[in-house]
Amino acid sequence: MDIIGFISKNYMTIINKTLEHISLTGISVLLACVIGVPIGFSIVNHKKIANIVINIANVIQTIPSLALFAFCMPYFGIGRNPAIFALFLYALLPIIKNTLIGIRNVNPAIIEAARGMGMSKTQIMLKVEVPMSISVIMAGIRIATVTCIGIATIATLIGAGGLGDLIYQGIGMLNYPMILTGAIASASLALLADFILGICEKQLTSKGIVRQEKA
Amino acid sequence: MIILKKICKSYNGKTNVVDNLDLHIQKGEFVVLVGESGCGKTTTLKMINRLIEPTSGQIYINGEDIKSKNKNELRRNIGYVIQNVGLFPHNTIKENIATVPKLCNKKDEEILSKIKYLMDIIELPYEEYAYRYPRELSGGQQQRVGVARALANEPDVILMDEPFSALDPITREQLQDELLRLQEEFGKTIVFVTHDIDEAIKLGDKIAVICDGKIIQYDTPEEILKNPINEFVESFVGKDRLWKTPDMLKAQDIMSNKVVKVYGSRSVAQTIEIMKKHDTTVLAVVEKRARSTEKLLGIVGSNRFYGIENHETKMKDIMKTDVVKIPFDMPLTEVLNIRKEKKLRHSPVVDKEENLLGIITNTSILNVLSQIVPESEEY
């Protein structure tokens, strides 16, 4: 097969591109987590602010990815930085949204019990809200990761590298094995990330909650 | 122990949800706040652990104004049990019970032995249940854990907000009994909110009937049943309620105070005069004591006069002395049983010093019955 031939000849390039791809999406999703989850927690008790934040995130989500990359160029130049920033913006919405939903779904009776027992706000967040909503938050992170891995292929157009390079070069050269390799690698990367994050989600969620959801 | 002083709570500045409420709760007392939904009973309860802050007024626990204390410190020393249990679903039973002691940084060994002790008391053995999650337990078991969690930090005060209302009637009854047992064992001060008057009567040492943010009546269950202060309390309690809890009716409630007495030193002739005057054939024979009390000596009926020649014979010589003396606090059902068993028609009621208080006859029982049964009936 052509693909196998292509891979065996270019495996070093493929691995490099894959690593680039991983670092692009990894960094942006991580940034989105670090910023999105606390945003979700801090706005959960302010309905108006929450609506505004969600609306802004929704608007960002509707901007075509190519256009968003283009918008970032004047500020960040070309290369990895604008790509990471754009991907970060895309990842933000599902993470904030799921954090909000996760915390809102925590039974208010349990929060009241926690307050009544003398837990401080921070303790309630860390010992009650986070563990109880972790599976929903993790689901948001999974969605964000999978979306970003897909969109990151376009980042090649602003010179950010990644598996998009293979696809776009392949298109330019009408090299089908090259296109397929890039596409398959990107798709498998997405599936693999989803699988790994799924395991993390299961590990992080208490047994007391997992089975309840299935029931 | 707990004093609520002129407490008001208003959310809109106009109407008071809780209105100038005063409440004194003694140490070790089980006080039930009862009322219709929206009457302010839960609001009142939540002000005691500052989940809700009063608009005005003070609350003291052990003489200390609770406003002067740190909120979280205060709450850690007050047990709190709510209707929806509120166990943490992501924590095991053991972790749930350990919540408050852990917040207070108690030693692990100390917490563990406390958990084992409490789980033993709520009859969920440690070996079997410690590592289970709340969802693996029945509603009743969960609420038991809820109670154990409230006890874990050894608080003096426990607040309970309709803790049993979501349970089925059988489980509810069980948990009520267990709670009474726990209360007996630990002697905690408990403030308990419910809308169920039956529950209030069963559990409370004292009941506060609340309406529109005010305490209408604050008294023992017996007093509230027997002497409701106004129509609201009467209708809330239910007119026929007393008969559903006959144990609350005691001998002194069904006796007649108009007992005809004769001193033991009186003669037959004098006694016959008294009988004629009062149109009766049975008299209680008494002996005068200090402070206008009279000791019951026996009973004498006119049949005892037959064949007595000497009309100067004293009553204390011919009276029936082996009468059944009914203690004033004997429950109605027991009185009825004794009367039936011993075929008694006149049962004198006495206090602890055997002073005569009154007499129970069929007529007196009927009189009480006719008073409590509703006066008017629509046909």
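Details
- Nearest-ten-degree value, helix B:332-342 long axis tilted from longest Cα axis of chain B: 40 degrees
- Degrees, to the nearest 10: B:93-103 long Cα axis against longest axis of chain B: 80 degrees
- Hits among lysines - C-alpha to C-alpha of B:LYS314 under 20 Å, sequence gap 8 or more where chains match: B:LYS261, B:LYS276, B:LYS277, B:LYS288, B:LYS295
- As computed over region B:149-233, the Cα convex hull volume per residue (Å³): 112 Å³
- Helix runs (DSSP H) in chain A reaching 20 Å along axis by Cα, Kyte-Doolittle at least 1.0: A:2-43, A:80-104, A:130-151, A:176-204
- Paramagnetic label zone (point 7 Å from Cα along Cα-to-C-beta, B:ILE272; backbone N under 14 Å) in region B:292-313: B:302-313
- Between 0 and 90 degrees, the angle of helix B:169-186 with respect to the longest Cα principal axis of chain B falls at about 90 degrees.
- Fraction of the pair-distance distribution of chain B above 38 Å, Cα-Cα pairs, percent: 40 percent
- Hull-based mean projected area of region B:272-379, where the convex hull spans the alpha carbons, in square nanometres: 9.9 nm²
- Cross-link check: pairs A:LYS207/B:LYS46; B:LYS114/B:LYS188; B:LYS320/B:LYS340 evaluated at a Cα-Cα cut-off of 23 Å; pairs beyond the cut-off: A:LYS207/B:LYS46.
- Taking label points 7 Å from Cα along the Cα-to-Cβ direction, A:MET12 and B:SER37 give a separation of 7.5 nm.
- Region A:3-214 - Kirkwood radius from inverse mean 1/r over Cα pairs (Å): 18.7 Å
- For the pair A:ILE78 and B:ILE229, label points projected 7 Å from Cα toward Cβ lie 8.6 nm apart.
- Centre-to-centre separation between the Cα atoms of region B:289-367 and those of region B:111-190: 49 Å.
- For region B:1-145, the C-alpha radius of gyration divided by 2.2 N^0.38 Å, with N the number of residues, is 1.23.
- Model label points for B:GLU287 and B:SER302, set 7 angstrom from Cα along the Cα-to-Cβ axis, are 2.8 nm apart.
- Calculated SAXS-style log₁₀ I(q)/I(0) at q = 0.06, 0.09, 0.13 Å⁻¹ - the protein assembly as shown, Debye, Cα scatterers: -0.55, -0.89, -1.23
- Peptides B:208-215, A:55-62, B:346-353, B:135-142 ranked from most to least packed give B:208-215, B:346-353, B:135-142, A:55-62, packing being the mean of other C-beta atoms within 10 angstrom over each peptide's residues.
- For B:TYR126 and B:GLU64, the difference between the fully extended length at 0.36 nm per residue and the C-alpha to C-alpha distance is 18.6 nm.
The numbers here are math on the coordinates, done by the rules we state, and not lab data. Because the structure is predicted, anything quoted here is derived from the model rather than measured. Cβ: placed from backbone, ideal geometry, glycine included. Neighbour counts: every protein chain shown.
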